[in-house]
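Below you'll find the structure, written out as structure tokens, and then a few comments.
The values are calculated or read from the model by the stated rules, or taken from the named source; none is laboratory data. Note that this is a predicted model, so its numbers are computed, not measured. Neighbour counts are summed over all protein chains in view; Cβ atoms, including those assigned to glycine, are modelled from backbone coordinates with ideal geometry. The protein model used for the area step is the full one, side chains on, heavy atoms only, and it has no ligands, DNA or RNA in it. Shrake-Rupley method; radii C 1.70, N 1.55, O 1.52, S 1.80 Å.
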Amino acid sequence: MKIIAITVLLAVGFNYQYLFSQNQSENKDNYSNFQNYIDFNMKLVDFENSLYVSDFKTTEFQIENGFHYHINKLIDVSFGINGGVILGIPYENRLQAYFNSGNVSGLDTFLKYYDEIDYLDQTLAKTRFYIGLHPQIGFNIADKWKLKLGTEIRYFFKPFFEERSYFGNTYREDGVDYILLGNVGLNYILNENISIGINYDRGISYLRRILIIDSDGNEPYTSSVTYHSLGLNISYSF
């Protein structure tokens, strides 16, 4: 399945420009509506979790190549292929830090979730590479401003979380190697070739969602992790 997914993504990436060049020879007037672009993104990533700890934050860098099809002066649709890296979060032994802080309030609650928190810490400490497909629609809301709405399916070259065994029954989206994102962006058009903007991405699917029932008599609890990010981008169209 992974090999098929990678093959499809690469095939689309290498062939879409060829397909559009064929379209150009068949319909030159229509081809003028197409415009290629390259996007560079830097994002602050926040992995939201359901446990009683702060969210996990890190940085992501992404480059995207694709095309815009201008339906009319107000609306265009876009399709892009991207790749990037999410930097690992520095690992911290939270239990030792907890005791070093001298904070003993809520110790029982903290200890209940500690094994799971530590596992998330260790997993998110790893740097992740990915590729993705990104369709979106753009609305020219003013002379210099464009609103963009879209979705993205992203494939990670290694599963974000490894599968693990637990006592009791579990339900999970664990060991996933892809996620589905929804995104919205606002770009300011500097000139006919360059624009800058901000964008917000949020996970529609979970990176991790599991009901944990342990053997120590604790009440069952759900551990979930979702992705969302706020980023800056610069886009060059040609």
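Of note:
- Hydrodynamic estimate: the Kirkwood radius of the stretch 33-237 over Cα pairs, inserted into Stokes-Einstein at 10 °C and 1.306 mPa s, corresponds to D of 84 µm²/s.
- With a Förster radius of 22 Å applied to the beta-carbon distance between K158 and I234, the computed FRET efficiency rounds to 0.15.
- Once the 1.4 Å probe is applied to the protein heavy atoms, the stretch 33-237 comes out at 52 Å² accessible per residue.
- R0 of 45 Å, Cβ-Cβ distance T109-F139: FRET efficiency to nearest 0.05: 0.45
- Radius 15 Å from Cβ of N82, net charge of other residues (Lys, Arg +1; Asp, Glu -1): -1
- Cα-based Lys proximity count in the stretch 33-237, under 15 Å, for pairs eight or more positions apart or on separate chains: 6
- Centroid-to-centroid separation of the stretch 47-98 and the stretch 182-238 [C-alpha atoms, Å]: 5 Å
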